[in-house]
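Everything below concerns the one structure shown next.
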Amino acid sequence: MDELELLKNHWKKQTDFPHKSKSEMHLLIRKSSSNVLKWIIIINILEFAFFFLLPLLMKVDDSNDGYTDTQLQIINISEYISYAIPVIFIVLYIRLMRRIQVTDTVSTLLSNILQARKLLNIYIYTNIIIFSLAIIFGAYIGIQQDEAFAMSSSFGPFYRILIITFIVIMVLVFLLFAWLFYKLLYGFLMRRLKRNYEHLKQIE
Amino acid sequence: MNQDLEKEFVDLLNANQNIIHKICRVYTNNLDSHNDLFQEILIQLWKSYPTYKGDSKFSTWAYRVSLNTAISLFRKQSRTIQTATIDFSLYQFSSQDYNAEEEEQLKLMYQAIYQLNDIDKALILLYLEDKNYKEISETLGISEINVRVKMNRVKTRLKKILNP
C-alpha cells in the first residue's frame, strides 16, 4: 500500500482520542479563553491608555508665565492634537477589530489581525515622534527661561552644546527603550502569526 | 445565550468532536496541549455559533473555526514542556490492522507531519479528510491552483522522508 494511503486509512479509523462527555463540553465552553488575540487586545488597550494619560502626567506647569505668544499657540495646538490623535486611532482600531472573525478564511483572519497590529504600530510611532518633539520643544523653552542658564551662557558655547547633547541623548535613550520594549513584547505574541501569514503569501 | 441554544450546540459538537480532536492531534504533540487546544477551539466555536446560519454543514463550518484557532489564535501554555517529538502513547495501532513495519511507517509519517509548518499541516489535514481543492482553497483563502501545487509538494516531501 502507498504510504499516504496507509496514513489516510489510519487517519480515518482513529478513535483513540481523549473524548469529552456532553457535560464536560458544557463546562469547557464556559471557561475563559487565553488566546493570542485576547492578549494583543489587552496590550493595545494599555497602549492607548498610556499614550492618552502621558500628556496629563507630563503637564507639570500650568501657568502661562514666561511663554511668548507663539509658544503658547504651539502648546495649545499640540494639546488639541494630543487628544485628537488617540480618538482617531481608537475609531480606526475598532473598525479593524470588528473585521476580525474566526469564521473567515485563514488568510483573511491573519491579514486582519496583522493590519490591526500595524495600525497600533503607526499610533505608537506617531506618539514617539510627538513626544520627542515635545521633549525638544520643552527643553528649548526651559533653556530660554532658565536665568541660570542665561547667566552661564557667558561660560561660552561649550556649556550650551553639552546641554543640547544631553537632551539629544535622552531622546535617543527614550526611543531605544520604547523600540526594545515593543520588539520583545510583540515578537513573542506576533511571531507565529507573521510566520504563518508569510507562508500563505509564499504559496500565492 | 439561552440553554436550548447551548444544548443544540453541544449536541452538534458531540457528533463532530472527532474532527476537533484530529485537528488537535496535528497541531499538538502531548495530552496537555491537546486538551488546551481542544478547549480553546470549543470556546471559539461557541462564541461564533450565533453566526452559524446552517447554510453549510456544521462540520465544514467547525473545520474553518477550528483551523483558524489552531493556526492563528492558540497560545501554547507555558506549563507544558515543549518537545519536538510526538507522545505516541496516545495513539493506538491495532496489531490486527497494522504490522510492525506499517506501525513504524505511520509513526514516521505523523512525526514528519508534526514538523511541517502550520499552513502545510492544514493542507495535509484537509487532504487526509478528503476535502476537495475548492473546499481547501475556501478554507485557507488561497487559489485552487496554488493549493494543488503546494499539496503535491508537501506529499512528495512526506514520501521522501520514508524513502530517502
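The values are calculated or read from the model by the stated rules, or taken from the named source; none is laboratory data. Worth saying up front: this structure is predicted, and the values here are computed from it rather than measured. Positions of Cβ are generated from backbone atoms using ideal geometry, with glycine treated the same way; all protein chains shown enter the neighbour counts.
Brief remarks follow.
- Taking the criterion of being more than 9 Å from every other protein chain (Cβ to nearest Cβ), without any contact (Cβ under 8 Å) to a residue 60 or more places away in the chain and either of a type in the set (D, E, K, R) or in a helix (DSSP H, G or I) (or both), the residues of region B:21-48 that qualify are B:D32, B:S33, B:L37, B:I41.
- Checked against the criterion of being within 24 Å of A:N9 (Cα to Cα), modelled with pLDDT under 90 and more than 7 Å from every other protein chain (Cβ to nearest Cβ), the candidates B:S89, B:S66 yield just one match: B:S89.
- Test for B:E8: is it assigned to a helix (DSSP H, G or I), out of contact with any Lys or Arg (no Cβ under 9 Å at 6 or more places or on another chain) and in the same structural domain as B:V154 (by TED's automatic domain parsing): no
- If you go through region B:49-61 and pick out every residue that is more than 10 Å from chain A (Cβ to nearest Cβ) and surrounded by 20 or more Cβ atoms within 10 Å (Cβ to Cβ), you end up with 0.
- Subset of region A:2-55 (residues that are within 7 Å of chain B (Cβ to nearest Cβ) and either touching a Gly at 6+ places or on another chain (Cβ under 9 Å) or over 29 Å from B:I113 (Cβ atoms) (or both)): A:K22, A:H26
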